[in-house]
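Each remark here refers to the structure printed beneath this line.
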Amino acid sequence: MPEITVGAVVLIFITAVLTSWIQWGSGHAESAVDAAVSAKAPSSCPDPHPSIPYDNGVQSGLYLVVLQFPSARCYSTSGPALVDGQDVSALAEWDNTTRKRQDDLQLQVTLPDGMVLVPGTSVYTNGSHRKGVKMSDNLVGPGVNLGSYDSGTNVYIQFQVQFRAPASMKCGVNHFGMNLTRIDSPSPPLNETVSFTYAKAC
């Protein structure tokens, strides 16, 4: 398949997944926490969509972005300054940009103290499952096996986490991160991190 055709297919696929992700994360009434988050949001975003590169090169890509401000549809590789009780929507992507088929792809999300996966929110989408398939909550912790991928194909994972500030956090600004790792890759494994902050008043 010519390279330009592969690129066009990938672009269409990214657009479809992002559209479904926006719809997936916007169907709930605004709570006090939502209102506090929205109050911090800018009126618009410089980049209304996450930047997830596809290079058709020689190494596999692993990417992680979060929905920073739902009301303005801001996406970022740096997480927002969190509000206690806030839900965060995340999107992970793995691209097989090698020339070989990759079997038994295994991805794992590691969360910091105070952040937990919202049960039942993990969904993966690939060329065989374009409408999305619910997946195990083992994405956080043990990790999940997402099957095999030919050269030029990819997979997306959507999930939600909730932040509850631990009592052990220090006064002032705390820094911590969410980590995505390909655990079946050679050492050192591929990984991506999104950083967050939380300001604790004392």
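Derivation of every value follows stated rules applied to the coordinates shown; laboratory data play no part. Small disclaimer: the values here were computed from a predicted structure and weren't measured. Cβ atoms come from the backbone with ideal geometry, glycine included; neighbour counts cover every protein chain shown.
I need a count of the residues in the range 137-183 that are in a loop (DSSP other than H, G, I, E, B) and either of a type outside the set (S, T, N, Q) or surrounded by 13 or more Cβ atoms within 10 Å (Cβ to Cβ) (or both).
Number of matching residues: 17.
Yes or no: Pro112 within 14 Å of Leu180 (Cα to Cα), in contact with a Phe, Trp or Tyr (Cβ under 6 Å, 6 or more places away or on another chain) and of a type outside the set (Ser, Thr, Tyr)?
Against the criterion (within 14 Å of Leu180 (Cα to Cα), in contact with a Phe, Trp or Tyr (Cβ under 6 Å, 6 or more places away or on another chain) and of a type outside the set (Ser, Thr, Tyr)), Pro112 qualifies.
Could you tell me how many of the residues in the range 108-136 are within 13 Å of Phe163 (Cα to Cα) and of a type in the set (D, E, K, R)?
1
Which members of the range 190-202 meet the condition of being loosely packed, with under 14 Cβ neighbours inside 10 Å and free of Cβ contacts under 8 Å to residues at least 60 places away in the same chain?
Ala201, Cys202 - these are the residues of the range 190-202 that are loosely packed, with under 14 Cβ neighbours inside 10 Å and free of Cβ contacts under 8 Å to residues at least 60 places away in the same chain.
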